[in-house]
Amino acid sequence: MTSFVRRYGTLVALLVIIIAFSIASPIAFGTPNNLINITQQMTLLAIVAIGATLVMAVGEFDLSTAAVVSFGGIFVVFLLKAGVPAPLACLAVLAAAGVFGAVSGFIVARFEVLSFITTLAVGTIIGGITFWLSDGATLFGDIPVGFRDLARGKISGIPTLTFWLIGVAVVAWVVLDKVEIGRRLYAIGGNREAARLAGVRIVSNTMVAFIGSAMLSALVGMLLTARIGSANPTGGGGFLLSAYAAVFLGMTAFREGEANVPGTLVGAAIIAVVGNGLTILGVSTFMQDIITGMIILAAVLVRRTGTQSR
Amino acid sequence: MTNLKLSLTALTLLASTSLPALATDVNVVTPYMSSIPTNDMVQAFKAEGEALGWDVTVIDTRNDFGQLASRMEDTVNAGADAIVLVSTSAELVADQVAMAAEAGIPVVSLDGVKAENVAVNVTSNNFDLGVQLSEALFTALSGKGNIVKFFHSAHPGVHQRELGLDATLENYPDINVIAEHFVQVPGPVDDGRVAMENILRQYGDEIDGVWAAFDDPGIGAELAFESEAPDSDAIIMGIDGNEQAVDMIASCTHYALTLRQDFPGMAKIGVEQLEKILNGESPDSDEIFVPAVPITADSLGVSCE
Amino acid sequence: MAQQGQSFLSLRGVKKHFGGAKALDGADLLVEAGSVHSLVGENGAGKSTLIKILSGLIEPDAGDILIDGQPVEIAGVQQAEALGFRFIHQELSLVPHFTAVENAFIGRPYPRKGPFIDRRAMRQAIEDTARDIAPDLPLDIPVGQMTTGQKQLVEIIRALIGAPARLVVMDEPTASLSDGEAARLHKAVKRLSDTGVAVIFISHRLDEVMEICDSFTVLRNGCTVGAGRINQIDRAGLVHLMSGREEVLGAAETPPVDSPVVLKVRDLPFGTCGQSVSFDICAGEILGLYGLVGAGRSSLMKLIWGAAPHAGGQIELDGVPLRPGRIGDRISCGAAYVPEDRRNEGLITSRSIADNLAVAHLSQVRARPQMPWTSRRKMAERSATVQSMLSVKMGSPWHGPLTLSGGNQQKLLFGRWFGEPTRLLILDEPSRGVDVGAKAEIHALARQFARDGAAVLMTTSDMDELMALSARVLVMAGGDITAELSGNSLTPARVIDAAFQHQSEISDTDSQTEKETHA
């Protein structure tokens, strides 16, 4: 029983929240259309959170996430304005983000600097670059329709963004759960010294996790820009805490205390559903934050007490 | 030896007294450089000021008010000739403004509010803007209908607009605020979009108008209408004259009007007033209002019929 | 203050069992006030358990503890403190950027002046104690800048302030000190005992034991096998008491004479004073490496495994030179490693048993050989194979490794290397903390690896294990190899004697390197 609560409690909580909102607002919330729409609303947060999941798998933190989201949005518009073709611009943004991730990962693994400090510093640098690229202003215009379509519209009734979510989630899930690199990342996260002594290469594998996280954050920056049609140098600022909240919620699901992709999706879904449902019910934004925070605490506490009663 | 010391001291004294006289150091401090209007205003101020031979330094604290206070202190300690606070309330950094006053450094506020120790606040009256926007929206709705309100009371100017709305609502008993949303910053556009999508779920066609305290959430609302309720008759009105909003108005979307504050005008008046102060005169008044310009399809020369 | 000669502390017939293992089996200890008492014994003889009982960390199963002839019970750390017992552990617990004065007051009530800490009073309190014990100790520099010896002195001073101390227990205080520093510490210990405090001094340096101690107790297998005044015994007598075994010869198998050399170690820099080690291991041989705790055996194992870099020297496996610090090189040459510390260095406790068995050879659990795609089925198969080959008692391979007993956990670390031919097997304390049955199985396993042609390098603190498995033994002391024993010369007494040979040439360069590492 306790084992079931520990593994599936968070998923059950999500379902309970959905059912509760559906009863409270059957016409607006509990419609297939709205539920599909929630998948679109949670996409950006979920992709950032999946990036955070990779880094959490090796037992580290990436505080530069929000800065990379902002950077991705600004840099892509900057390149588009400079006349770079959209596909090339996107690749350049991902490559630049990859470099940032590689630097963080290398410093963390090779010199064993706390990832908190490293990514805080790298994030600050990226923030500075972003402001420098944009002169501190919101960038608008010169965004081709093809680029905007990356995050707008629907394909056979399903929002384009939802496909991004599914794609990224599947790839990340395969990487972490199905191929060898995932075993290595989790081994490092589980016990770095034991993994090292068993022949796992710490530096290169840690770098992979940080590179993945940075590239996903930059992807979100670009999707955000495509979605709203402009880029703001602080546009990603809101993602950091919610993304880690999603990961932590997810760590209470399916696996015992380990960051995992399905769990992160559940975590992101809880945050998105609560926001969507409470707005529909006309609850103020402040109250939404209070409720989201309480859900995270509740989830973690349920798991804790579950573990202790073992 | 003594001679050398003397002449060195003299040189230092000379340098310290004469350097500021060569160029007037004006420090522009703002937490909101990433917002387009603030940016416009700062750039205009910089251009106008530099034309007068001032040395204009811009300091942006990126939405961080703690830093705003610190940078103000740095500026005062560095002995600037004048401080220009942009898009923020001087009351938030009252101690630092007092510090500046004590050091004899004049503080001019652009797009802020009137406050103690601030020589002059040049702004469009945000309360009036709120009234102007509300009147325009309610008139377009013929004085009757349901509106959604996007607000952000953490920004003093934007909060004044909200008060303007409240005041106007008293004269229009048939206008109903059926939903409201506190816009999250950073990321106001996407936040406005998600909120509008959710509000549309609940109220759909009941919504007749969207009142956006600034254009960013209005743009988000327009994006939500485009994907969720393209056929709705609702209209959106906002404030700031944001480029993307103007683009939407020109494309005959739900976005019907944005009030553009005359930021270059404000910057210009700010420079004129500061020049007077630096010349030892008093400013014209402690608060100067610059009227806003409505931008609509008509004013843009587009026909949407 | 107690009078000289009176038996201040006495322990009688103390017993302690951990699970099936006897840690203490009737140990006696008599300590007089104002004397320095040496507690000696080889690894696992029960010294630490006895000390833990005195410090209130564990309670004995049986036996009496008397202070001044009155029976007492030591139920907790606070009570030990109240009895005036102070402990100075080998791992120093000082805050590096605090000064001696600041460190001395950690966890103790600070003298106050109104609401503020009275720094002058703090310094005063330390100065008085320091004058008695170590007059030349700098009190106002951060201890991080001090040598290990000076830090020991700070620990001693810290133990003495506050409520009056009656007994100070020092666990290998000189283990990492140069001779000069050790001499300074000896003086401090003497001064301490002159004030009437009893000192229990644990050391592996028999020469210093002979020099500074007044009396001794020898433990072997949890029993007191000898005690008395130090001037009534000599070094050889102590070694004899500790080893206990007269002329037991090793029962280990010897490899065939023409067996090829598998591991060749040449001039590997090791130790703190520029020493180096060289040795060979042949196919089928289990080379034992014996040394007391702190002799540097584990560090040597890590160097050979490539877990730590070294400059100069050569390590060859089957004639292939191995680059320093490259674990991957070793694995691809067929080397395997079972670390000493299962929890921290061996198992990835948050992952399943199957994951732990697969992590070193992930290519063995691919769904298809060309694709880095991990197959759960193959992982389960691998677990099942290891389970049956090594007779691991486990439920599902998807459970966590901590659900298993210590012996079975240890088998997992062997099983991790299964699937590729093993040329070199490095074992660091292969049967620590496992029960007798599992120990025998692990020994059989090590012999099987050797019989299959692997060179086995094993380090152990367990003399019986050493004698049972190794036909050739290297003994380390103070970072040096002090003896190579085999055939008739391989007896427990010879091993112990070599292990207690502290090299006195280790001079002040020792403290020099200390300073550099802290700078």
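Quick notes on this one:
- Residue, modelled with the highest pLDDT, within the stretch C:242-289, restricted to residues that are more than 30 Å from C:SER38 (Cα to Cα), among the aliphatic types (A, V, I, L, M) and open to solvent by 30 Å² or more (accessible area, probe 1.4 Å): C:VAL261
- If you go through the stretch A:197-221 and pick out every residue that is in a helix (DSSP H, G or I) and at the interface with chain C (Cβ under 7 Å from one of its Cβ atoms), you end up with 1.
- Pairs where the first residue, in the stretch B:278-292, is hydroxyl-bearing (Ser, Thr, Tyr) and the second is outside any loop (DSSP other than H, G, I, E, B), C-beta under 8 Å, 6+ apart: B:SER282/B:LYS276; B:SER285/B:VAL120
- Listed by position, the strands (runs of 3 or more DSSP E) enclosed by the stretch C:254-335 that each have at least 3 residues that are over 24 Å from the mean Cα position of the chain (by Cα) are C:261-270, C:275-282, C:314-317.
- Verdict on C:PHE418 being of a type in the set (Phe, Trp, Tyr) and at pLDDT 90 or above: no
- Scanning the stretch C:153-180 for residues that are within 14 Å of C:ILE133 (Cα to Cα) and surrounded by 20 or more Cβ atoms within 10 Å (Cβ to Cβ) yields C:LEU153, C:VAL154, C:GLU155, C:ILE156, C:ILE157, C:ARG158, C:ALA159, C:LEU160, C:ALA165, C:VAL168.
- Residues located in the stretch B:100-131, provided they are under 16 Å from the mean Cα position of the chain (by Cα) and within 13 Å of B:GLY238 (Cα to Cα): B:ASN126, B:LEU129, B:GLY130
- Scanning the stretch A:20-37 finds no residues that are touching a residue at least 12 places away in the same chain (Cβ under 8 Å), among the β-branched types (Val, Ile, Thr) and open to solvent by less than 50 Å² (accessible area, probe 1.4 Å).
- Scanning the stretch A:81-96 finds no residues that are touching a residue at least 12 places away in the same chain (Cβ under 8 Å), in a helix (DSSP H, G or I), within 27 Å of A:VAL170 (Cβ to Cβ) and open to solvent by 50 Å² or more (accessible area, probe 1.4 Å).
- The stretch C:356-406, subset among the β-branched types (Val, Ile, Thr), crowded, with 17+ Cβ neighbours inside 10 Å and closer than 23 Å to C:LYS439 by Cα, residue nearest to the other protein chains (Cβ to nearest Cβ): C:VAL386
- Residue in the stretch C:299-307 that is over 21 Å from C:ARG472 (Cα atoms), within 12 Å of another protein chain (Cβ to nearest Cβ) and out of contact with any Asp or Glu (no Cβ under 8 Å at 6 or more places or on another chain) present: yes
- Residue in the stretch C:216-232 that is open to solvent by less than 10 Å² (accessible area, probe 1.4 Å) and out of contact with any strand residue (DSSP E or B) (no Cβ under 7 Å at 6 or more places or on another chain) present: no
- Every test in (1) touching a His at 6+ places or on another chain (Cβ under 8 Å); (2) small (Gly, Ala, Ser); (3) buried (at least 16 other Cβ atoms within 10 Å of the Cβ) is passed by C:GLY144 save one, and that test is (3).
- A:LEU224 modelled with pLDDT of 90 or more, in a helix (DSSP H, G or I) and facing another protein chain (nearest Cβ under 9 Å): yes
- Candidates C:LEU425, C:LEU490, filtered to the one that is closer than 21 Å to C:ASN221 by Cα and surrounded by 22 or more Cβ atoms within 10 Å (Cβ to Cβ): C:LEU490
- Test result for A:LEU150, more than 8 Å from every other protein chain (Cβ to nearest Cβ) and either assigned to a helix (DSSP H, G or I) or of a type in the set (Gly, Ala, Ser) (or both): no
- Residue in the stretch B:215-227 that is touching a Pro at 6+ places or on another chain (Cβ under 6 Å), in the same structural domain as B:LYS149 (by TED's automatic domain parsing) and among the acidic types (Asp, Glu) present: yes
- Matching residues, the stretch A:253-291, being free of Cβ contacts under 8 Å to residues at least 60 places away in the same chain and open to solvent by less than 30 Å² (accessible area, probe 1.4 Å): A:LEU278, A:THR279, A:THR285, A:GLN288
- Residues located in the stretch A:21-79, provided they are closer than 23 Å to A:ALA92 by Cβ and not in a helix (DSSP H, G or I): A:ASP62, A:SER64
- Residue check for A:ARG183: of a type outside the set (Val, Ile, Thr) and within 14 Å of chain C (Cβ to nearest Cβ): yes
- All of B:VAL26, B:VAL84, B:VAL76 fail the test of being under 24 Å from the mean Cα position of the chain (by Cα), at pLDDT below 90 and more than 24 Å from A:THR124 (Cα to Cα), apart from B:VAL76.
- Qualifying residues in the stretch C:338-352 (those that are within 17 Å of A:LEU197 (Cα to Cα) and more than 7 Å from chain A (Cβ to nearest Cβ)) - the one modelled with the highest pLDDT: C:VAL338
- Any hit, the stretch C:408-419, residues being under 32 Å from the mean Cα position of the chain (by Cα), over 22 Å from A:ARG184 (Cα atoms) and either outside the structural domain of C:ASP280 (by TED's automatic domain parsing) or buried (at least 16 other Cβ atoms within 10 Å of the Cβ) (or both): yes
- Counted as qualifying within the stretch B:145-237 are the helices (runs of 4 or more DSSP H) with 1 or more residues that are in contact with a helix residue (DSSP H, G or I) (Cβ under 9 Å, 6 or more places away or on another chain) and more than 10 Å from chain A (Cβ to nearest Cβ), namely B:156-169, B:215-228.
- For B:LEU165, the stated conditions do not hold, so it cannot be described as without any contact (Cβ under 8 Å) to a residue 40 or more places away in the chain and within 24 Å of the chain's Cα centre (by Cα).
- A:GLY128 passes every criterion in (1) within 27 Å of B:ASP40 (Cβ to Cβ); (2) touching a helix residue (DSSP H, G or I) at 6+ places or on another chain (Cβ under 8 Å) apart from (2).
- Among the residues of the stretch B:33-69, the one identified as within 25 Å of A:GLY238 (Cβ to Cβ), among the hydroxyl-bearing types (Ser, Thr, Tyr) and at pLDDT 85 or above is B:THR38.
- B:GLN244 meets the conditions (1) surrounded by 17 or more Cβ atoms within 10 Å (Cβ to Cβ); (2) among the polar types (S, T, N, Q); (3) without any contact (Cβ under 8 Å) to a residue 24 or more places away in the chain in every case but one. The failed one is (3).
The values are calculated or read from the model by the stated rules, or taken from the named source; none is laboratory data. Everything quoted here is computed from the prediction, not taken from an experiment. Here the Cβ is made from the backbone with ideal geometry for all residues, glycine too, and neighbour counts use every protein chain on show. SASA here: full protein model, heavy atoms, side chains in, ligands and nucleic acids out. Shrake-Rupley method; radii C 1.70, N 1.55, O 1.52, S 1.80 Å.
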